[in-house]
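Each remark here refers to the structure printed beneath this line.
Derivation of every value follows stated rules applied to the coordinates shown; laboratory data play no part. Because the structure is predicted, anything quoted here is derived from the model rather than measured. In this analysis, Cβ positions are derived from the backbone assuming ideal geometry, glycine residues included, and neighbour counts consider all displayed protein chains.
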Amino acid sequence: MEMIIENELVKELANKHGRNRESLIPILQDLVVQNRFLSRQDMVDVARELDMSAAGVFGTATFYSFLDTEPRGKYVIRICKTISCTMKGKNEILSTIEEILKVNLGETTPDRKFSLLETNCIGWCHKAPAILINDTPYTELTRSKVTEILREYIKNGDRKI
Amino acid sequence: MVIEKYKGMSIKHVKRVDLIFEKVSCRDILVKIMKMTPDEICQELLESDLKGRGGAGFPTGLKWRYTAQEKDPVKYVVCNADEGEPGTFKDREILEQVAEKVLCGMATAAMAIGAKMGYIYLRGEYKFLIPKLNEKLMQFHQTMDEFNLNFRIQVRLGSGAYICGEESALFESIEGKRGEPRNKPPYPTTSGLFGKPTVINNVETLVYSVMIMKYGAAHFKELGTKDSRGSKVFSISGDTPKAGIYELELGMSVFEFVQEFGDGDTKAVQVGGASGFCVPRKKFEETIIGFEGVPTGGSMKLFNSTRSMYNVLHNYLDFFSEESCGQCTPCRVGCQQLLKGVESVKRGDKTSRYLDELVKLAKTMKRASKCGLGQSVGNAFGSIVENFKEEIIY
């Protein structure tokens, strides 16, 4: 018989959000906050906990770009690539971040601290260019401003700047 | 209320209005609304001619009345805060500054239709708003208890899917599924969230509903034009020295708008974001911003002569190719083919005549796509290709 190892975090989140279908996305969102991504095992465990198919969980998770199914760093940097930010120097900000973290777009640093991703309009067009680091927006970026922000994260984590 | 940064900035060519960010006592407004019958609330809204401020422009009063007429004992009020249209950022500011008015608007809708439960669907990109919003929600629920009103609101977060701003996709997402739009009809007024009659309104629409209850329909109607009553919050970005959020009276022309917000070198204005229309300089004077001309959910992007309209179009098509939910073929394949198509014309792999084929494809998408996303890709595509053909080809 297959041994089922209890997934304490999934159980705890199901207790918090409920075990209905409408609890699924809040559970997945909290898992991403905790682990920075959804592992296959976590998705199977969520399916078991909510009594639905693992394919159903996978299908829902992969629909949403913020529900990562690949491992990400502790800090996920999402750089806005929509037109206003592009017009105001998004590429310069992107190359600055790539230089500082020594990663390319889509990659995670070897120490698993930072992932660098692109995203669509994040609603700061009047203060472009803008990025999100996890949930925190940073706007009106320049090369020097983004360098300073990243230095702070490298040194102190997400303590407010 | 003037947003801090823009204090003292002179506005000459357009009329500034102060309804959305005006600080008001929501308690006083609720007391007034509680004396009205559901029918009176709907009637007041109908008389105001308020149309939805999310972009589609359906008359708000009708939406509420249709839902009120449904017999189902369970109904919902949903606030659409999944602001994702490129160039739109006003709902974030409204929620940051006057969230209590949004909640009050939801309570008003709840009284009009007889709902006990409401949801705010907030885009994941605005998660940082949650702590402050929760504080306001706690106060709101206390007020509900105090007034003996049985209405509760929950916040649900999106997770980075533009399509969830489409109302039926939004319902699917709250229900815990992929955000894929449903077939219509049935409309939300009869079968919305969890299959129940639902009023779903944009953040800004809810606040206008509150202000109409406060000042009366007649006051609201004094502003704007026959087809576009009242005012609207605009999100202004791109090549402008005055980027920001402005509440303006409806009915201005693009010309007046550009005189106010342009940098002296404006060649085009994209009205309504990626799903909206591109207005070139030669059409500034004849084009009215509103339901009689080009409608907008608030997104206004200015482009000056240094910008390549090919890059603008490419950016939009890239956006749609990523954000199409993939459910229906015209939109899924159409977005990708439009993107590939303009790339091959630019490279010279295809002749300029191929653009006519692509315009036809965009028209087919308008007719055959299931929801507003696929139906509106042709707006930007058609208007940019038609007016800036040489920039797409060379």
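How far is helix B:130-146 tilted off the main Cα axis of chain B, in degrees rounded to 10, range 0 to 90? The angle comes out near 30 degrees.
Extending 7 Å from the Cα toward the beta-carbon at both B:Arg332 and B:Thr225 defines two label points whose distance is 4.1 nm.
Based on the reciprocal of the average 1/r between different C-alpha atoms, the Kirkwood radius for the stretch A:75-156 equals 12.4 Å. Can you give me the Cα centroid spacing of the stretch A:69-147 and the stretch B:316-394 in angstrom? The distance from the Cα centre of the stretch A:69-147 to that of the stretch B:316-394 comes to 28 Å. By the Cβ distance rule of under 4.7 Å, the protein assembly as shown has these cysteines without a partner: A:Cys121, A:Cys125, B:Cys42, B:Cys79, B:Cys164, B:Cys278, B:Cys325, B:Cys328, B:Cys331, B:Cys335, B:Cys371. Each 10 Å bin from zero up to the one holding the largest Cα-Cα distance in chain B carries the following percent of pairs: 5, 23, 32, 25, 12, 3, 0.
Note on the protein assembly as shown: Cα-only Rg and Dmax are 23.4, 78 Å.
Quote the charge dipole size of the stretch B:309-392 about the Cα centre in Debye, to the nearest 20; the model charges only the Cβ of Lys and Arg (+1) and of Asp and Glu (-1).
On the way: 12 positive and 10 negative charges, 72 e Å.
It comes to approximately 340 debye.
Residues whose amide H comes within less than 5 Å of that of B:Ser191, counting only those at least five positions distant or on another chain, are B:Thr198 (H built at 1.01 Å from N in the peptide plane).
Considering only the Cα atoms of the stretch A:1-150, their convex hull presents on average a projected area of 10.2 nm². Of the residues B:Arg367, B:Arg53, the one with the fewest other Cβ atoms within 10 Å heads the list, and the complete ranking is B:Arg367, B:Arg53. For chain A, the relative contact order comes to 18 percent (Cα pairs under 8 Å, sequence separation of at least 6).
Legend: mean number of C-beta atoms from other chains within 10 angstrom of residue C-beta atoms, peptide B:83-95, equals 4. By how many degrees, 0 to 90 and rounded to 10, does the Cα axis of helix B:38-48 deviate from the longest principal axis of chain B? That works out to roughly 40 degrees. Note on the stretch A:8-63: Cα-Cα pairs beyond 19 Å make up 11% of the total pair count. Of the GluC sites (Glu not before Pro) in the stretch B:198-259, which ones lie in a loop per DSSP and count no more than 16 other C-beta atoms within 10 Å? For GluC sites (Glu not before Pro) across the stretch B:198-259 that sit outside H, G, I, E and B with at most 16 neighbouring Cβ atoms in 10 Å, the list reads B:Glu222. Straight-line reach from B:Lys346: taking Cα to Cα under 17 Å and skipping same-chain neighbours fewer than 8 places apart, the lysines in range are B:Lys389.
For a test of the definition: using alpha carbon positions, the gyration tensor, and the 1.5 limit on a/c, classify the stretch B:74-194 as rounded, prolate or oblate. Oblate. Cβ-Cβ distance of B:Arg347 and A:Asp111, R₀ of 51 Å, FRET efficiency by 1/(1 + (r/R0)^6): the value works out to about 0.80.
Exposure proxy check: B:Leu361, A:Leu24 ranked by fewest other beta carbons within 10 Å?
On the way: B:Leu361 19, A:Leu24 25.
By the 10 Å Cβ count, ascending: B:Leu361, A:Leu24.
Taking every residue in A:53-60, how many Cβ atoms of other protein chains lie within 10 Å of its Cβ, on average? Intermediate values should be presented prior to the final figure.
Working: counts 0, 0, 0, 3, 1, 0, 2, 7.
Average per residue, whole number: 2.
Highest mean first, the peptides A:81-91, B:275-285, B:82-92 sorted by other C-beta atoms within 10 Å per residue fall in the order B:82-92, A:81-91, B:275-285. The dipole here belongs to the stretch A:8-63: it is taken about the Cα centre, uses +1 on the Cβ of Lys and Arg and -1 on the Cβ of Asp and Glu, and is about 80 debye.
Per-residue Cβ neighbour counts within 10 Å put A:Val33, B:Val98 in the sequence A:Val33, B:Val98, beginning with the fewest. Free of any GluC sites (Glu not before Pro) that DSSP assigns to a loop and that have at most 14 other C-beta atoms within 10 Å, the longest stretch within chain A is A:7-139. Inter-chain neighbour count for B:119-128: the average number of beta-carbon atoms from partner chains within 10 Å of each residue's beta-carbon is 4.
Considering only B:Ile392, A:Leu67, B:Ile11, the residue lying farthest towards the positive end of the dipole of the protein assembly as shown is B:Ile392, judged by Cα position with unit charges set on Cβ.
If contacts are Cα pairs under 8 angstrom and at least 6 residues apart, what is the relative contact order of chain B in percent?
On the way: 753 pairs, mean separation 69.3, N = 394.
Reported as a whole number, the value is 18 percent.
Rounded to the nearest 10 degrees, the inclination of helix B:354-368 to the longest alpha-carbon principal axis of chain B is 20 degrees. What residue among A:Asn120, A:Asn134, A:Asn35 shows peak mean-square fluctuation when chain A is described by a Gaussian network model with Cα springs under 10 Å? Highest fluctuation of the listed residues: A:Asn120.
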